[in-house]
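Student: There's a structure below that I have some questions on.
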Amino acid sequence: MARKSTVKRAQQHRSLITHEQPKSPISEQFRTLRTNLQFSAVDQDLKSIVVTSSHPAEGKSLTASNLAVTFAQQGKKVLLVDSDMRKPTAHYTFRMSNTMGLSNVLVGDFSLENVVQKTKVENLEILTCGPVPPNPAELIGSKSFSQLAEHANKLYDLVIFDTPPVLAVTDSQVLSQYVDGVLLVVRSKVTDKNTSARAKNLLEQTHANILGVVLNDRETKSSNLYYYY
């Protein structure tokens, strides 16, 4: 019974609330986040974003997924790339196959166009991780990845990369060189100031353009809802 409850909670935590409950307060906060990102890049065309966190379990993957939905709802052609090739989750969130994906493209087995998958959200497509490779760091830092990022920017209005936590591996730092900006997710009552500061400093070392920070899972005093800011 406890196992079933755990599974149910996990499924709830992976819900695409911006698609399933577009009028909810949480969905409105994601739209606010979308607007803030657009204003943060007022002097440039924001074409690609890395979404990361300092540690696991801070909500960066769900933030990336729901943010992708809100941009697609605005009419933009969006690609969400699950570039966390150690613990991929996008295929669970969107309930789709992960037999082919990013890793296949990077090793030259398939083209990007052959492996992207349409979602139930209009204008939103997903590039899942694909088979987990034995050498994710080498693939992330390869010429193939930079070519993929460049090609995706030509095909889509916005490309969002869901990446591993900054303090766990260097993937986010490497990927920050390929994108217009980085969004750092921190979790209320979980992420401490020193940890978030370390993550920020590591990103700055690679000259990442930090667009802002998302405070996730903050409990409001007026209700039992949890908001994303």
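The values are calculated or read from the model by the stated rules, or taken from the named source; none is laboratory data. Keep in mind it's a predicted model, so treat the numbers as computed, not measured. Please note: Cβ atoms are built from the backbone with ideal geometry, for glycine as well, and neighbour counts cover all protein chains shown. Remember, those area values only see protein heavy atoms, side chains included, never the ligands or the DNA or RNA. Shrake-Rupley method; radii C 1.70, N 1.55, O 1.52, S 1.80 Å.
Student: For region 78-147, what is the charge dipole size about the Cα centre, in debye to the nearest 20, if Lys and Arg each add +1 at the Cβ and Asp and Glu each add -1 at the Cβ? Could you put the intermediate results ahead of the total?
Tutor: Details: 6 positive and 7 negative charges, 36 e Å.
Result for region 78-147 is approximately 180 debye, rounded to the nearest 20.
Student: Working out 0.36 nm times the residue gap between Ser40 and Ser188, then minus their Cα-Cα distance, what length gain in nm do you get to one decimal?
Tutor: Values: separation 148, 0.36 × 148 = 53.28 nm, distance 2.30 nm.
Net length gain for the segment: 51.0 nm.
Student: Can you compute the charge dipole magnitude of the chain about its Cα centre, using +1 on each Lys and Arg Cβ and -1 on each Asp and Glu Cβ, nothing else charged? Give it in debye, rounded to the nearest 20. Intermediate values should be presented prior to the final figure.
Tutor: Details: 26 positive and 21 negative charges, 199 e Å.
For this selection, approximately 960 debye.
Student: Let me ask something else about it. Give me the one-decimal nm value for the distance between modelled label points at Ala168 and Ser24, 7 Å along each residue's Cα-to-Cβ direction.
Tutor: In this crude spin-label approximation the distance works out to 2.4 nm.
Student: While we're looking at this one, here's another question. With a 1.4 Å probe and every protein chain left in place, work out the accessible area per residue of region 27-172 in Å², rounded to a whole number. Walk me through the intermediate numbers first.
Tutor: Working: 5920 Å² over 146 residues.
About 41 Å² of surface per residue is accessible.
Student: Let me ask something else. Largest first, please: the extent of the C-alpha atoms of the chain along each principal axis, to the nearest Å.
Tutor: Sorted largest first, the three principal extents are 51, 40, 36 Å.
Student: Output ³J(HN,Hα) for region 52-66: one whole-Hz value per residue in order, computed from phi by the Karplus curve 6.51 cos²θ - 1.76 cosθ + 1.60 with θ = phi - 60°, and x for Gly and Pro.
Tutor: With coefficients 6.51, -1.76 and 1.60, one gets 9, 8, 7, 10, x, 6, 10, x, 5, 6, 5, 5, 4, 5, 5 Hz.
Student: Oh, and also: Given a 1.4 angstrom probe, I'd like the percentage of the accessible area of the chain that is carbon and sulfur, rounded to a whole number. Walk me through the intermediate numbers first.
Tutor: Values: 5840 of 11530 Å².
Roughly 51 percent of what the probe reaches on the chain is carbon or sulfur.
Student: Starting from the residue with the highest accessible area, list Met96, Met85 in decreasing order, probe 1.4 Å. Mind dumping the intermediate values first?
Tutor: Numbers: Met96 35, Met85 0 Å².
Of Met96, Met85, the descending order of accessible area is Met96, Met85.
Student: Can you tell me which of 158-165, 73-80 comes out highest on packing, and rank the rest after it, using the mean Cβ neighbours within 10 Å?
Tutor: Values: 158-165: 25.6, 73-80: 19.0.
Highest to lowest by the protection proxy: 158-165, 73-80.
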